[in-house]
Amino acid sequence: MTTIVGVKTTTGLDAIVLAADYTKTTFYGASGGNSINNAESGKMKKLYCARNFAFGFAGKMDLDHIGELWQKLKIKNKKNKNYIDVSEQLRNGYFEEIAMMNSIQTTMGDYIDSTAQTEFIFGTNEGDELSLHHVSPLGAVTNFDNYVFSGSGSEYVEEYLEDAYDIRSLDGPSINLRKAVNLARKSIHLAKKDMYSGTEILDFTIITKDSITYYGDNLRKKLKKFKNKEIKKIITSYH
């Protein structure tokens, strides 16, 4: 499990901010066992970026299946038999590969686990407009104008984002990039109330018409370096 959010600016630079925590719930073996831990080590991330789209995912997942899907989504050659036209699937309202992946995940040999479902949030910058989408485990695509959230910590995020974009709120009609980043950051922080969500380090991506930039790895490295430096200061203070 995890919590992911996508928030869009309403003024200034046209941008989408995707953010997630680093908590993961994986399952393994025919017995359907599962584990919960975090991916702050950098071995896994929840946001992935390509040339004209980025996505985050939440749910109970098989890491091999996520990896296989990502490899297909990265293919640029339309003549490749594994090529997936992400924009077309989002426009058509049905993402077949995600539906198929979840169908496979729910069946582990003779064992059926209906909770083994993964959902996605996509942000795209193809064309002149930025687009924000949610893809359900069944592959159904829903488009969102301002914000979207998903995952086990959603109940702690929903009211916060709803209030933030309310036209009666102070910032509702005027959310620039700085405010959008802070909204995404605070949303993930609020989701820490959920036992399956939340880490101290934020995984996030900024999408504009000209670029899609992933900041999670760099931020994680800098915060880890800072934490180690502070720990050393504490230790040396006793000498």
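Pick from the range 126-167 the residues that are acidic (Asp, Glu) and more than 16 Å from residue 8 (Cα to Cα): which of them is nearest to the chain's Cα centre (by Cα)? Steps first, answer last, please.
Filtering the range 126-167 for residues acidic (Asp, Glu) gives 126, 128-129, 145, 155, 158-159, 162-163, 166.
From what is left, the residues that are more than 16 Å from residue 8 (Cα to Cα) are 155, 159.
Working: 155: 16, 159: 19 Å.
For the range 126-167, the residue satisfying everything is 155.
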With the condition kept exactly as written, say whether any residue in the range 101-112 is within 26 Å of residue 214 (Cα to Cα), surrounded by fewer than 20 Cβ atoms within 10 Å (Cβ to Cβ) and within 18 Å of the chain's Cα centre (by Cα).
no
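Does residue 160 satisfy being modelled with pLDDT under 75, in contact with a Ser or Thr (Cβ under 8 Å, 6 or more places away or on another chain) and of a type outside the set (D, E, K, R)? Even if it seems obvious, please write down each step before you answer.
Details: modelled with pLDDT under 75: no; in contact with a Ser or Thr (Cβ under 8 Å, 6 or more places away or on another chain): yes; of a type outside the set (D, E, K, R): yes.
The answer is no for residue 160.
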Of the residues that make up the range 129-149, is at least one loosely packed, with under 14 Cβ neighbours inside 10 Å and either modelled with pLDDT under 90 or among the basic types (Lys, Arg) (or both)?
yes
Please state which of the following conditions residue 149 fails to meet, knowing it meets all the rest: (1) in contact with a helix residue (DSSP H, G or I) (Cβ under 6 Å, 6 or more places away or on another chain); (2) closer than 14 Å to residue 93 by Cβ.
(2)
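The values are calculated or read from the model by the stated rules, or taken from the named source; none is laboratory data. These numbers were taken from a predicted model, which means no experiment stands behind them. For neighbour counting, all protein chains shown are included, and Cβ atoms are generated from backbone atoms with ideal geometry for every residue, glycine included.
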